[in-house]
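J.: Handing you a structure now.
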Amino acid sequence: MVVLGASRGVGRETVRRAFVEGACVLAVARGRDDLQQLADEMPGIQTLTLDAAADHAPPRVFDTLCPDVMVVCGGAIPTPRPVHELSWDEFATTWATDVKMSFLFCGHALRTPLAPGSTVILISSGAGISGSPISGGYAGAKRMQMFMASYCQKESARLGLGIRFAALAPMRLMPETDLGKVAVEGYARYLGMKAVEFIECMTGRQSAADVAAAVVRIATEQVASGDTVFTVSAEGLSRLS
């Protein structure tokens, strides 16, 4: 398994879960120190310090470890302000990172191609379903990842490649992650609340470990193989389309 964005949050939990399940794991992230800490915690995993949104990233990763399962998890933390208070660069940052990573690695998986039976999982967000009014283009970017999984699945079928593409959307904010912490603080400020009060209002949320477990379920085909877009919540893994 290759995990992009492996040094924090859902990516880190996915590395841990896959490693415990016995997978050979390549953890990819920009932060060298964070990757070293991860390797110290889990001796035996491979690490690669790399900006996964760089144009040269996919061949570099595939040359290091050609995956049976690829998890595209990394991305930018959006600026938590209303749309009219953002610059264009702030608005579009998740398109230039989250979407670009998905675009680069999905395309490379189809062109290489990965072996039949391989799986590519894009970590999306419930914001792509319900919106996120103070995170600029984030919700649209996360919706695009769902479309991309569907488009690439159709191409895999058309070309007879046997590669499976899926998108997984965690439905609620996860305050234990860096992204969730920024979002909680941003929404609390926007609503005139304290962050702790905002968190107290959040019921039935999934954890990063729940998302990692859902990734493993999809990767090991413990769900219907024809499904493309999934959600994960406190109630577990569900099919969206």
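The values are calculated or read from the model by the stated rules, or taken from the named source; none is laboratory data. As the structure is a prediction and not an experimental result, all values here were calculated from the model. Don't worry about glycine lacking a Cβ; one is built from the backbone with ideal geometry, like all the others, and counts go over all protein chains shown.
J.: Being in a loop (DSSP other than H, G, I, E, B) and either of a type in the set (D, E, K, R) or touching a Cys at 6+ places or on another chain (Cβ under 7 Å) (or both): is that true of GLU155 here? I'd like the intermediate steps shown before the answer.
T.: Values: in a loop (DSSP other than H, G, I, E, B): no; either of a type in the set (D, E, K, R) or touching a Cys at 6+ places or on another chain (Cβ under 7 Å) (or both): yes.
Spelling it out, it is not the case that GLU155 is in a loop (DSSP other than H, G, I, E, B) and either of a type in the set (D, E, K, R) or touching a Cys at 6+ places or on another chain (Cβ under 7 Å) (or both).
J.: Moving on to the next point. Consider segment 117-129. How many of its residues are surrounded by 18 or more Cβ atoms within 10 Å (Cβ to Cβ) and under 24 Å from TYR190 (Cα atoms)?
T.: 5
To keep it simple, each residue is scored yes or no on (1) touching a residue at least 12 places away in the same chain (Cβ under 8 Å); (2) among the basic types (Lys, Arg); (3) closer than 28 Å to ARG111 by Cβ.
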position	(1), (2), (3)
ALA141	yes, no, yes
PHE147	no, no, yes
VAL184	yes, no, no
VAL196	no, no, no
VAL211	yes, no, no
ILE218	yes, no, yes
VAL229	yes, no, yes
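J.: Name the residue, out of MET70, MET42, that is more than 16 Å from CYS106 (Cβ to Cβ) and in contact with a Phe, Trp or Tyr (Cβ under 8 Å, 6 or more places away or on another chain).
T.: MET42
J.: Mind checking whether some residue in segment 184-204 is under 17 Å from the mean Cα position of the chain (by Cα) and either outside any helix (DSSP H, G or I) or loosely packed, with under 15 Cβ neighbours inside 10 Å (or both)?
T.: No, because not a single residue in segment 184-204 is under 17 Å from the mean Cα position of the chain (by Cα) and either outside any helix (DSSP H, G or I) or loosely packed, with under 15 Cβ neighbours inside 10 Å (or both).
J.: Tell me, yes or no, whether segment 182-193 has at least one residue that is within 22 Å of ALA139 (Cβ to Cβ), touching a strand residue (DSSP E or B) at 6+ places or on another chain (Cβ under 6 Å) and not hydrophobic (A, V, I, L, M, F, W, C).
T.: No, because not a single residue in segment 182-193 is within 22 Å of ALA139 (Cβ to Cβ), touching a strand residue (DSSP E or B) at 6+ places or on another chain (Cβ under 6 Å) and not hydrophobic (A, V, I, L, M, F, W, C).
J.: Pull up segment 98-124, narrow it to residues that are out of contact with any Asp or Glu (no Cβ under 9 Å at 6 or more places or on another chain) and hydroxyl-bearing (Ser, Thr, Tyr), then point me to the one that is farthest from VAL2 (Cα to Cα).
T.: THR112
J.: Can you tell me how many residues within segment 188-232 are of a type in the set (Ser, Thr, Tyr), modelled with pLDDT of 95 or more and under 24 Å from ARG12 (Cβ atoms)?
T.: Number satisfying all stated conditions: 2.
J.: Now a separate question. Answer yes if at least one residue in segment 158-167 is within 20 Å of ALA213 (Cβ to Cβ), in a loop (DSSP other than H, G, I, E, B) and in contact (Cβ under 8 Å) with a residue 12 or more places away in the chain, and no otherwise.
T.: No: zero hits.
Residue-by-condition table, conditions (1) surrounded by 24 or more Cβ atoms within 10 Å (Cβ to Cβ); (2) aliphatic (A, V, I, L, M):
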position	(1), (2)
GLY131	no, no
GLY136	yes, no
GLY140	no, no
MET144	no, yes
PHE147	no, no
SER156	no, no
MET171	no, yes
PRO175	no, no
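J.: Hey, among the residues in segment 205-230 that are touching a Lys or Arg at 6+ places or on another chain (Cβ under 8 Å) and of a type in the set (Val, Ile, Thr), which one's surrounded by the fewest Cβ atoms within 10 Å (Cβ to Cβ)?
T.: For segment 205-230, the residue satisfying everything is VAL223.
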